[in-house]
Amino acid sequence: MTKDSTVPHDRDVTPDPSRTFQVDLRGLVDLLSRHLYASPRVYVRELLQNAADAITARREIDPGAPARVLIDPDPDTGGLKVHDTGIGLTEKQVHELLATIGRSSKRDELGFARHEFLGQFGIGLLSCFLVADEIRVETRHADEPTVLWTGYSDGRYSVSLADYARAESGTTVTLVPRRDAEAWLTPAKVAELARFYGSLLPIEVRVGPTRVTDDAPPWQQADRREALIAYCRETFDFTPFDVVELDVPAAGIRGAAFILPQPANPAARAGHRVYLKRMLLSEGVEKLLPEWAFFARCVVDTAELHPTASREALYEDTQLDEARSALGAQLRAWLVRLASVDPSRLAEFLGIHHLGVKALALHDDEMLRLVEQWWPMETNTGRMTLAEFRERHGLLRYAATLDEFRQLSAVAAAQGVPVINGGYTFDAEIIQRIPTLDRMAIIEQLVPTDLATRFDAVDPHIELSLRDFLSAAQRAVDPQGCQVVLRAFDPPTLPAMYLIDRDIAFADNLRETREKADDLWAGVLDALAATVTDDRPQLVLNHRNPLVRRMTTVSDPHLVALAVQALYGQALLLGHHPLRPADSALLNGSFLGLLERAVPDGKDDPK
Ligand SMILES: Nc1ncnc2c1ncn2[C@@H]1O[C@H](COP(=O)(O)OP(=O)(O)OP(=O)(O)O)[C@@H](O)[C@H]1O
C-alpha cells in the first residue's frame, strides 16, 4: 500500500490551546436577522423572556419576591429601558453569561433546557442588536454589588462595578437605538409588541403606566365560554360556530379550538395561535391539528412542546405528533357529542363545512363515517343520509353524474327504483368508499341500461298501425342525429326521454329486443331504423303518456313534426343536456309553429 501524501499527519490537527474562535458579532447579528428571525420585533420578546425568567429564578429562592417588569420607552432619546425584579447577576456571572454567546444559565448540568424557564439557547440578548448599537445592563443579585455591563454591536464590551447600589435585586437593560431602527422603539410600537408577545405572561408587565398583561388566559377565567368567545372575536375577528376546550396534560396544553362559522378551504391550513409557557410563540402555527380539522382555529398554551431556535414555530418531533393526535381526538369527541346531543346543530355544522368534510372523507374513515351518518344526500325519494338509504333499501344505488340523475330519477322513482344523486362534488367517490367502513355494504351504480329493461315494448300490432306517425316523427328529428323509439314506461306523466350516446348499452338493449321480436315487429323496426345508426342518441316516446297517444292519432304530418320537435326540446331541457344552436333553432321553430296553430289567424277577428 502506498502512502497518500494528501492525508494530513497527526501533528497537523493537534489543537493549540492558546487559540480560540473569534466571533464576528456583526456577521452573527446579520445571520440572526436575515436567517433566523422573521422580524426585528422579536427583540421585545427576548427582553420580556429574560425578565420573566429572572423573576422565576428569584422566586424559586424567595417565593414572595415581587414579579414586575416595567418597560420604559424614552421618546427623547429614542431608547428603551426594561426593569425587572428578577434574580440579577453577580460580576462573575456577568462575565460568564452576558459576554459569551451561547452560554445560558437556564440549562441543567447535562445541558438540557430547564423546564421552568423560557430561554435555553443563550443567544436571545443578541437579538437586541437588531435594533440597538449598544446594550447596557445594570444588575444586582441579592446583596452583591451592582454591576454595569455595556456591549457594543462591533463585539466589544466593558464591565465595571457601580459606585451606588441598585434599589433592589433585579436588572435594568437599556437599548441605545441603532440608526434606521428607531421605528421599532417608539412607545406605541413597544406597547403593541409587549402586548402581542406578553399579554398572557403570569407576571405584571407595564409599558409606562399601562398594564399589558391580562389577569388570566381566557380558558382559566371564571366564565370561560364567554371569555373565549370574546377572545376569538377580538383576536381572530369572527364569532365562532362553537368553542371546544382543549386540555392535553401530557403536552401541558390548555386552550380552545374555535369552529369557523364560514366554509374554509381544507387545503389552506389555518394558522393557530400558540403560546409557550404563556409567551406568544407564533400566531401562524400550521400543523398543530390533524389535517382533517381544517374547520377549527386554536389558541393554546403549551408547557412541554419544543420551540425551534427562532422561537417562531414548534419543533416537529414525536411529542408534537402525539399532541396533534390528542387534540384531534378532542375535536372528534366534540363532533360525536354533537351528533348524539344536538344532531340539528351537527347538521348545521355540516351545512357550513360539508365540502371540506367530504374532501377529507375520501381518505379519512372518521370523516367518511360522519358523512355516511349525518350528511343528507339528494335521492329520488327525498333527501336522506347514506345510512338511512341503506337501512331502507338494503343497498346504495346511485347515479354517477348530475345529468344522469336528472334524466333517470323520475322514471326510476315511478318504477320503484330508489337512486341517490352521486353527481355533487365527491359524492360518487364517497359512496364507493362506504365498503371500507362496512364490507357488507352493497354499492350499485345505476346506468340508463338498468332501466331499459323496464321500458316495455309496445304491442307490435299497435306499433305497426303507428308506422306513419313513427316515420313522420323520425323525419322531424333526423337532422338532429336522433333516433325515435316508442316504448311504454312509467311515469305516464313523462312524455319523452332523451338518452344520450353515453348509453350505447341501452341502444344495444333496444336492438336485442328487436332481434327477439317476431317478424312483423322486426319488419317495423327495420323500416324505421333503415336510416339510423344504433349508437345515435334516442328520443324515447312514452306510449303510456296521454299526449303522446293523442299525437299518434294526428294525421297532419306537419303537426306531428312540430309536436315531436317540441318533445325533443323538452326532453333535452329536462335531462339538462346542452342545447346546440341547431337544437335551440328547432325548439324555437316548433314553439312558434305550435303557437301559429293554436292562435286563430286575423281573418276570424271581428274587427
Ligand atoms: N434580565 C436578566 N436578568 C438576569 N439574567 C439575565 C437577564 N438577561 C439575561 N440574563 C442572563 O444572560 C444569559 C443569556 O441571555 P440570553 O437572552 O442571551 O439567552 P437565554 O435567555 O439563556 O436563552 P435564549 O437564547 O433561549 O433566550 C441568560 O441565560 C441569563 O443568565
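The values are calculated or read from the model by the stated rules, or taken from the named source; none is laboratory data. Please read these numbers as outputs of a predicted model, since none were measured by experiment. Note that each Cβ is placed from the backbone with ideal geometry, even for glycine, and that neighbours are counted across all protein chains shown.
Side notes on the structure shown:
- Counting the residues of the range 314-335 that are surrounded by 14 or more Cβ atoms within 10 Å (Cβ to Cβ) and at pLDDT below 90 gives 2.
- None of A488, A452, A527 is modelled with pLDDT under 90 and under 24 Å from N380 (Cβ atoms) except A452.
- Taking the range 30-47 as the range and being in a loop (DSSP other than H, G, I, E, B) and within 13 Å of the ligand (Cβ to nearest atom) as the test, only Y37 passes.
- Residue that is farthest from I500 (Cα to Cα), among those in the range 381-408 that are in contact with a strand residue (DSSP E or B) (Cβ under 8 Å, 6 or more places away or on another chain) and in a strand (DSSP E or B): M384
- For E304: the one exception among (1) in a helix (DSSP H, G or I); (2) surrounded by fewer than 21 Cβ atoms within 10 Å (Cβ to Cβ): (1)
- Screening the candidates A476, A441 for the property of being in contact with a helix residue (DSSP H, G or I) (Cβ under 9 Å, 6 or more places away or on another chain), modelled with pLDDT of 90 or more, crowded, with 21+ Cβ neighbours inside 10 Å and not polar (S, T, N, Q) yields one hit, A476.
- Where strands (runs of 3 or more DSSP E) sit wholly within the range 58-157, those with at least 3 residues that are more than 21 Å from R41 (Cβ to Cβ) occupy 132-140, 147-152.
- Flag for G78 being under 45 Å from the mean Cα position of the chain (by Cα), more than 12 Å from the ligand (Cβ to nearest atom) and on the phi > 0 side of the Ramachandran plot: yes
- Whichever residue in the range 66-75 is within 23 Å of L130 (Cβ to Cβ) and surrounded by fewer than 17 Cβ atoms within 10 Å (Cβ to Cβ) and, among such residues, is farthest from the ligand (Cβ to nearest atom): P75
- Residue within the range 89-103 that is modelled with pLDDT under 95, closer than 22 Å to Y275 by Cβ, near the ligand (Cβ under 7 Å from one of its atoms) and in the same structural domain as L175 (by TED's automatic domain parsing) present: no
- If you go through the range 48-65 and pick out every residue that is more than 10 Å from the ligand (Cβ to nearest atom), of a type outside the set (D, E, K, R) and in contact (Cβ under 8 Å) with a residue 40 or more places away in the chain, you end up with 2.
- Selected residue (criterion: farthest from the ligand (Cβ to nearest atom)) from residues of the range 200-215 that are surrounded by fewer than 18 Cβ atoms within 10 Å (Cβ to Cβ) and free of Cβ contacts under 8 Å to residues at least 40 places away in the same chain: D215
Yes or no, residue by residue, for (1) more than 13 Å from the ligand (Cβ to nearest atom); (2) without any contact (Cβ under 8 Å) to a residue 12 or more places away in the chain; (3) among the β-branched types (V, I, T):
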residue	(1), (2), (3)
H115	yes, no, no
I123	no, no, yes
R136	no, no, no
G155	yes, no, no
V176	yes, no, yes
